[in-house]
Amino acid sequence: MNTMTGRKALALGLLVPLLALTACGGDTTTGGGTQKTITIGTYGSGTTALATNVPAEFLEKNEQIQADHNIKVVSEEYSDLQTLYTDVTIGRIDVAIGGPSIIASNASTGAPLAVGGTVARSTNSVMSAGKPWTKEEIKGSRIVAQTSSGSWKAVQTRISSNFGLEPGRDYELINSESTAAAAIQAATGKADYAIVRAEQILIAQQQFPNLKVVANPEDLGLVAGRADWGYVLIVNTKKIDLESSDRLTRAIGDTTEWMKQHPDDVEQFAVSKGQTPGVTKQFLTSGDVNYDVQTLDEARDDMKLEFEALLKSGVIKEAPPSSVYGEK
């Protein structure tokens, strides 16, 4: 449930052209003061993802929401996760939408990254062709995942904390270029489990009737029965300050509220980008895309618990600096 309430629905025309690309992190003076230009990078893998590139692109199209929060947004879509995370780390883009583990691991080595706010809870799920998700079954099994993603790092943390099992020692970890490709390997018997997320879960179920979800986001949560944070704003602190992060977070909150109120428009946009018809609307209206937009102040305590779990499981080797929480 979105913690930012009381927002009004804002009209958004699907045919409004994308804003012209502008320099990263620039400021333009407006009648309301300084309007911050923020470049957001998202991972789309050639189609649409309701938790990443869709909110960014819809926000970029909506000049009214941008004006309400005194920001100007430019979105850039990436087909490669590592390039996305590299670009936000070096400051070629200002913000990326991704998993919190990326902030923890990179900030621990001195990268100028911090949590700018949250976007949505995790959509990570485990799929198999009938093999149950238990300690006994996982041990000695083959798990296929997109290992460069924050999704896998979160699941690895839960396997370690819940079952005491580690990759390489207790189970074989197979790298996949995407969660879609991971599902294929599980469906065809090349792996026992696939870590699949977001819309790809619905697509996999349609394509491979033998695949079932054997662990959902709530099953994989740090807190029993609650999905972890899956999508946060990864901010380069040399480009974006906390006040600008808060403005961007609130603007994304307004955008996701609009999307939930206009599922047909979002579906039309997604299909025009190559998404399988019906998948986006189903994922949006079912609530499986669990938007939970919070500013850093609102999410700070949860983020600390998340990073402590990453450290305890060995996914990160040292605790990230307090600057990742906006603290000095």
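The values are calculated or read from the model by the stated rules, or taken from the named source; none is laboratory data. Just so it is clear, the model here is predicted, and its values are computed rather than measured. No Cβ is skipped: glycine too gets one built from the backbone with ideal geometry, and neighbour counts run over all protein chains shown.
Is it the case, given these coordinates, that G140 is out of contact with any Pro (no Cβ under 8 Å at 6 or more places or on another chain) and in the same structural domain as N290 (by TED's automatic domain parsing)? Taking the combined requirement at face value, the residue does not satisfy it. Criterion applied to G164, G99, G150, G91 was being farther than 25 Å from Q35 by Cβ and surrounded by fewer than 22 Cβ atoms within 10 Å (Cβ to Cβ), and the one residue passing it is G164. Pairing each residue of region 218-245 that is surrounded by fewer than 17 Cβ atoms within 10 Å (Cβ to Cβ) with any residue that is among the hydroxyl-bearing types (S, T, Y) and not in a loop (DSSP other than H, G, I, E, B), provided the two are 6+ apart or on different chains, yields no C-beta distance under 8 Å. Which pairs do you get when a residue that is closer than 19 Å to L222 by Cβ, found in region 286-302, comes within reach of a residue that is in a strand (DSSP E or B) and among the polar types (S, T, N, Q), reach meaning Cβ atoms under 7 angstrom, with the pair 6+ apart or on two chains? Cβ pairs passing all conditions: D292/T118; Q294/T118; A299/T118. Number of residues in region 179-193 that are surrounded by fewer than 18 Cβ atoms within 10 Å (Cβ to Cβ) and either assigned to a loop (DSSP other than H, G, I, E, B) or touching a His at 6+ places or on another chain (Cβ under 6 Å) (or both) equals 3. When region 87-100 is filtered for residues that are modelled with pLDDT under 95 and of a type outside the set (G, A, S), the ones remaining, listed by number, are I97, P100. Taking residues in region 274-285 that are in contact (Cβ under 8 Å) with a residue 40 or more places away in the chain, and partners anywhere that are of a type outside the set (A, V, I, L, M), the pairs with Cβ atoms closer than 6 Å and at least 6 places apart or on different chains are G274/T47; Q275/T47; Q275/T48; V279/E199; T280/E267; F283/E199; L284/P263. Being in a strand (DSSP E or B), touching a residue at least 12 places away in the same chain (Cβ under 8 Å) and outside the structural domain of K239 (by TED's automatic domain parsing): is that true of I159 here? So I159 does not fit the description; no.
Looking only at region 137-145, decide whether some residue is at pLDDT 95 or above, under 21 Å from S79 (Cα atoms) and not hydroxyl-bearing (S, T, Y). So far as region 137-145 goes, yes, one or more of its residues are at pLDDT 95 or above, under 21 Å from S79 (Cα atoms) and not hydroxyl-bearing (S, T, Y).
Please verify whether region 63-82 includes one or more residues that are closer than 27 Å to T179 by Cα and either of a type in the set (A, V, I, L, M, F, W, C) or at pLDDT below 70 (or both).
Yes, because at least one residue in region 63-82 is closer than 27 Å to T179 by Cα and either of a type in the set (A, V, I, L, M, F, W, C) or at pLDDT below 70 (or both).
A residue that is surrounded by fewer than 21 Cβ atoms within 10 Å (Cβ to Cβ) and hydrophobic (A, V, I, L, M, F, W, C) can be found somewhere in region 63-70.
Does region 186-193 contain any residue that is assigned by TED's automatic domain parsing to the domain that holds F58 and of a type in the set (D, E, K, R)? For region 186-193, residues assigned by TED's automatic domain parsing to the domain that holds F58 and of a type in the set (D, E, K, R): absent. Residues in region 246-299 that are touching a Gly at 6+ places or on another chain (Cβ under 7 Å), of a type in the set (S, T, N, Q) and surrounded by 23 or more Cβ atoms within 10 Å (Cβ to Cβ): T249, T295.
One residue is enough: does region 156-167 have a residue meeting the conditions farther than 20 Å from S141 by Cα and more than 17 Å from the chain's Cα centre (by Cα)?
No, the conditions are met nowhere in region 156-167.
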